[in-house]
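A quick write-up on the structure given underneath.
The values are calculated or read from the model by the stated rules, or taken from the named source; none is laboratory data. Here the structure is a predicted model, which is why all the values come from computation and not from measurement. So basically every Cβ, Gly included, is an ideal-geometry build from the backbone, and we count neighbours across all protein chains shown. Surface accessibility is based on the protein's heavy atoms, side chains included, excluding ligands, DNA and RNA. Shrake-Rupley method; radii C 1.70, N 1.55, O 1.52, S 1.80 Å.
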Amino acid sequence: MAREVGAPSVLGDLRGRARRSVERISILLRRAGYLRKWLILGTVIGLVGGLGAIAFNASLRWAGHLFLGILAGYRPPAPFGEGATMGSGSHLARPWAIPLVTGLGGLISGLLVFRFAPEAEGHGTDAAIAAVHHNPRGIRARVAFVKIAASAITIGSGGSAGREGPTAQISAGFGSMLARWLDLTPRDARMAVTVGIASGIGAIFRAPLGGAVLGAEILYRDDVEAEALVPSLVASIVAFAAFGAVEGFSPIFGASEAYRFRHPAELGAYGLLGLVAGLVGRLYARAFYGAIRLRRRLPGADLWKPAIGGLLVGLLALAMPQVLGTGYGWVQLAMGPGLLSLPLWLVIALPFAKILATSLSIGSGGSGGIFGPGMVIGGFTGAALWRLLHGLPAVPQDPAPFVVVGMIACFGSVAHAPLAVMLMVAEMTGTLEMLAPAMVAVGIAAAVVGDATIYENQLRNRMESPAHRVRFGMPLLATIPVTEAMRPPRLVLDERTPVREAAELMVTLGLPRAPVASPRGTYRGTVALDELGKADPGRDIAAVADATAPAVPVHATLEDVMEVLAAEHVISVPVLDGERRVAGVVGMGELVAAYRRALLASLRGLRTVFAASIFVEERIHAEAPVVGRTVADAGWPPGTVVVALQRGEELIFPDPSTVLRAGDLLSLVTPAAAERAVRALVGEPEDGGPPERAGPDLV
């Protein structure tokens, strides 16, 4: 009996110690410099990424042996770095079993995904990209486990999918959990998820450099997250080392004398390959997302649809077994002389068959990556074009160079990650010699692909990123310490406070949210009044407090605060001191006021540069002449610049089309002689109507 009474106390003590250890680590990381912090975090994320890749690879081998090997009697070929076996080739021992096995794999995968973690649906990498941009702290822990199981079953049963999506989502999910556990800043949380993507892909492809660059390049169509390069390199190298210690370090497609660029005249043929690869890449993106739209329109529960997709893939495989699984072994075979022994119609049809199979396997709701199939599609495209051009002048004698460059051009262009894919394929083939032809091909392919992308959550550039938009649009935020804006907290709830009492206090003070602290004052999270209404009134609020709720350190800037407010959709954020006690609270009102003070101080400093100009701040009167007009059509005196306007708690940097409203607080710079005319435009009009337009606007 004594043991039963003491057990909860021991468990509580262990939890308390673990929590205090995490708090100490969080404090140390906040105080550490950039390199030291990311050497630590990158190493931890990379180690988990490597172990996750090992676990997924083992699960995939087991699932492939069970489903395709035992149930269907079929073994796909393996590439050089994974055994270099021919497998069953094109021979199907039990053809009738193939559709049944692929359909069964889709059924089990669908049940796992849609019952336990619907966000694990699809190809994983795109979900991780979305998390980086919108909610880096929000990837649930269970997603990694569901993704491993569902993807291993999808691919192991013959579904056409890649291995990089699951491994990217596993390590990105761990980066997200680290961000929650260690209470990382929004910027560091985004970095942790980005680093997770890089480490997972770098490990599974045995391409640490390409994986690191991919993490920085894949987030945008026309931009690069340069800040992520060094942390991604650390994590990707660690993940590669951990994965290679178990799986080996040999390049997936091995090193061969065939991977050679022999004559400048060949560049014309590679340019043609880039054109064809770009067209195939566009087709891949359209077909894949077309399948997703079709699946969403079809009646019935989503959890059954992967089974239908798997069944159709199995039927397609009866004619072309090359579409089963990852397809890497078939790409390896296409690099050799055996390509000439295949029927021409089959070689030409393979890229399109792989597109169809991938769209059915993943677009139907199955789980797996689209990176690997994209490179297989590109490799098959290069093989098909080589067969058509074989024997012509300036065409390589071996198909391997066309297969390699086809992989780079097709997927590098449609993923908008040409540099990363070139490096990855170079690492996968053990040679850099094909980079020059690849640059020609991928450049032409990128022009053909245009804005089409295989990752729909990619943004065009950093200006479209919610986090970077704040940095670019309100640059002064990064210079304002949070201490200049925070106010004392109106209420900090003890975690032992009963729900009923906490709700009464919050209602009395008119607070929709309040921070929660331990008896020692350590921050434990926040509690929302809406959630208290659903909880047992007699329970302590520790049971309902959101422990993942964000906070910022006292040495943070208002840029960090703005990222939290924008990403988490909250109205205020606690500020924590060095011991993680709640030192203050910052809301949007305090942020706008502090930014306005800094902006005014900055603009007043311009008076030393523009001695003939003055700074004017005026609220627009309800009957002012400019009400309802755009900034461009307001009739400002020449030389007037509209800098900003405050509308309620919103700070706006206007463009010429911004419509001015009564009550807006305008900040302008205008020639000293024009001050009266400016105030007449925005203040109460004098008798005689508004002043005449003095000249062209300068806004």
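Has segment 448-459 got any residue that is of a type outside the set (Gly, Ala, Ser), within 27 Å of residue 343 (Cα to Cα), under 23 Å from the mean Cα position of the chain (by Cα) and buried (at least 24 other Cβ atoms within 10 Å of the Cβ)? Steps first, please.
Here is the first cut: in segment 448-459, the residues of a type outside the set (Gly, Ala, Ser) are 448-449, 451, 453-459.
The next check asks that each one be within 27 Å of residue 343 (Cα to Cα); those that pass are none.
No - not one qualifying residue is present in segment 448-459.
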Among the residues of segment 267-287, how many are of a type outside the set (A, V, I, L, M), under 16 Å from residue 383 (Cα atoms) and either touching a strand residue (DSSP E or B) at 6+ places or on another chain (Cβ under 7 Å) or surrounded by fewer than 23 Cβ atoms within 10 Å (Cβ to Cβ) (or both)? 1
So if I check each of 189, 226, which one is at pLDDT below 90, open to solvent by less than 10 Å² (accessible area, probe 1.4 Å) and not aromatic (Phe, Trp, Tyr)? 189
If I ask for residues that are in contact with a Gly (Cβ under 9 Å, 6 or more places away or on another chain), open to solvent by 30 Å² or more (accessible area, probe 1.4 Å) and not charged (D, E, K, R), which ones from segment 543-566 would you list? 547, 548, 554, 555
Residues of segment 650-690 being in contact with a Lys or Arg (Cβ under 9 Å, 6 or more places away or on another chain), at pLDDT below 85 and part of a loop (DSSP other than H, G, I, E, B), which ones? 683
Matching residues, segment 519-542, being of a type in the set (Lys, Arg) and either open to solvent by less than 60 Å² (accessible area, probe 1.4 Å) or closer than 14 Å to residue 570 by Cα (or both): 524
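Of everything in segment 32-87 that's basic (Lys, Arg) and closer than 30 Å to residue 183 by Cα, which residue is surrounded by the most Cβ atoms within 10 Å (Cβ to Cβ)?
To start, the set of residues in segment 32-87 that are basic (Lys, Arg) comprises 36-37, 61, 75.
Narrowing further to those that are closer than 30 Å to residue 183 by Cα: 36-37.
Numbers: 36: 12, 37: 18.
It comes out as 37.
Out of all the residues in segment 428-437, which are modelled with pLDDT under 90 and either part of a helix (DSSP H, G or I) or among the β-branched types (Val, Ile, Thr) (or both)? If you could, list the steps in order and put the result at the bottom.
Step one: of segment 428-437, the residues modelled with pLDDT under 90 are 428-436.
428, 429, 431, 435, 436 - these are the residues of segment 428-437 that are modelled with pLDDT under 90 and either part of a helix (DSSP H, G or I) or among the β-branched types (Val, Ile, Thr) (or both).
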Working only within segment 546-564, note down all residues that are within 15 Å of residue 515 (Cβ to Cβ) and either at pLDDT 85 or above or in a helix (DSSP H, G or I) (or both). 561, 564
Within segment 152-189, residues being under 17 Å from residue 110 (Cα atoms), within 20 Å of the chain's Cα centre (by Cα) and part of a helix (DSSP H, G or I) number 2
When the residues of segment 574-596 are filtered to those that are part of a strand (DSSP E or B) and among the hydrophobic types (A, V, I, L, M, F, W, C), which remaining residue is surrounded by the fewest Cβ atoms within 10 Å (Cβ to Cβ)? 583
Those residues of segment 397-416 which are within 26 Å of residue 341 (Cα to Cα) and open to solvent by less than 10 Å² (accessible area, probe 1.4 Å) amount to 399, 400, 401, 402, 403, 404, 405, 406, 407, 408, 409, 410
Given the criterion surrounded by fewer than 21 Cβ atoms within 10 Å (Cβ to Cβ) and within 26 Å of residue 262 (Cβ to Cβ), identify the matching residue among 419, 423. 419
Which condition number does residue 571 fail, the rest of (1) at pLDDT below 85; (2) in contact with a strand residue (DSSP E or B) (Cβ under 7 Å, 6 or more places away or on another chain); (3) open to solvent by less than 30 Å² (accessible area, probe 1.4 Å) being met? (3)
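Does residue 90 fit the bill of being polar (S, T, N, Q) and open to solvent by 60 Å² or more (accessible area, probe 1.4 Å)?
Values: polar (S, T, N, Q): yes; open to solvent by 60 Å² or more (accessible area, probe 1.4 Å): yes.
In short, yes.
Quick one: is residue 495 open to solvent by less than 20 Å² (accessible area, probe 1.4 Å) and in contact (Cβ under 8 Å) with a residue 24 or more places away in the chain? Give the derivation first.
Working: open to solvent by less than 20 Å² (accessible area, probe 1.4 Å): no; in contact (Cβ under 8 Å) with a residue 24 or more places away in the chain: yes.
No, not satisfied.
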Can you spot a residue in segment 258-266 that is open to solvent by 20 Å² or more (accessible area, probe 1.4 Å), under 30 Å from residue 136 (Cα atoms) and either touching a helix residue (DSSP H, G or I) at 6+ places or on another chain (Cβ under 8 Å) or not polar (S, T, N, Q) (or both)? no
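Return yes when residue 172 is surrounded by 24 or more Cβ atoms within 10 Å (Cβ to Cβ) and hydrophobic (A, V, I, L, M, F, W, C) and no when it is not.
Numbers: surrounded by 24 or more Cβ atoms within 10 Å (Cβ to Cβ): yes; hydrophobic (A, V, I, L, M, F, W, C): yes.
For residue 172, the condition - surrounded by 24 or more Cβ atoms within 10 Å (Cβ to Cβ) and hydrophobic (A, V, I, L, M, F, W, C) - is met.
Of these, 254, 200, 211, which one is touching a residue at least 40 places away in the same chain (Cβ under 8 Å), crowded, with 24+ Cβ neighbours inside 10 Å, touching a Phe, Trp or Tyr at 6+ places or on another chain (Cβ under 8 Å) and not acidic (Asp, Glu)? Steps first, answer last, please.
Details: 254 fails: crowded, with 24+ Cβ neighbours inside 10 Å; 200 fails: touching a Phe, Trp or Tyr at 6+ places or on another chain (Cβ under 8 Å).
Only one candidate qualifies: 211.
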